[in-house]
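To start, the structure under review is shown below, and the notes come after it.
Nothing in this text is a laboratory measurement; each read-out follows from the coordinates by a stated rule. Given the structure is predicted, the values throughout are model-derived calculations rather than measurements. Using ideal geometry, Cβ is built from the backbone for each residue, glycine included, and neighbour counts are taken over all protein chains shown.
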Amino acid sequence: MRNVLVVFLLVLMCLPLFGQTVVRRPIVAAAGCGSLTFDTASSNNATGANSVSWNHTTSANSNRAIIFCVGSFHSGGGQSVSSITYNGSSTGVTSVGSHVEPGSGEERVDIYKLVAPASGTNAIVVTMTGCSAACELGAGSLSFYNAAQTTLTGTFASADGNGASGTMGGNVSSAVGEIAVDVVVYFTTSTKATVGAGMTERFNIPGNNTQDSAAGSTAAGATTVTFTWTDPFTTSNWSWGGVGVKPCP
């Protein structure tokens, strides 16, 4: 009997008092980092040089990243990117991919990336090798926030042509929530290439009768993102590259 009484009292102690409301706190999932967002773009060009430099302003938002797009031309070909520095350092700057137009071997595009760049206005310097101080360079930088900090980019895509079709570009494998980026280098007069449907031009450096042009854009991620530029000079060689930028998880 005594044992039964003890059990009864323990049950009473565990029950809420008469008229008392029991508050059950909901389980709240940890908040994500937000949608991947384009920040800013900047660019510059150089003729008869082996380097090009410019300033880029990166916001102080979280999970930052920069994509560097380089278009180059060298008579006879053989040029490549030697280094890219941001804020005086090449630490963390890694290649995403490159492509050379195989017909002449003279037009080349490169895409590089940097995760967690310093915020504020910082200098970017692209240095080439194999130019003999005679490369034509057009380059741009695109910064993002709420970007993946471990695996920033997907698979690099590339294409090339000679302008006969009147269009330049290719397809990037991406996904919803990502932002696809591209760069194209081509010979032209002073007329710029124009972006196709679904693309947002981020830089477009016009050439002249002796200088190639470079342009870059972004587009919303999808399973396949098609980039199409109108080629203003339909007898020129061109080289193109693109990649998808991933959001942070």
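Of note:
- Local electrostatic count at T228 - Lys and Arg +1, Asp and Glu -1, tallied over other residues with Cβ under 14 Å: -3
- The mean sequence separation of alpha-carbon pairs under 8 Å and at least six residues apart, normalised by the residue count of segment 105-249, gives a relative contact order of 36 percent.
- Calculated P(r) of segment 118-190 - Cα pairs past 18 Å, %: 62 percent
- Note on S119, S165: ascending count of other Cβ atoms within 10 Å places them as S165, S119, the fewest first.
- Nonlocal amide H pairs with F203, under 5 Å, H built at 1.01 Å: G216
- Proxy reagent accessibility, fewest Cβ within 10 Å first, across V225, V93, V109: V93, V225, V109
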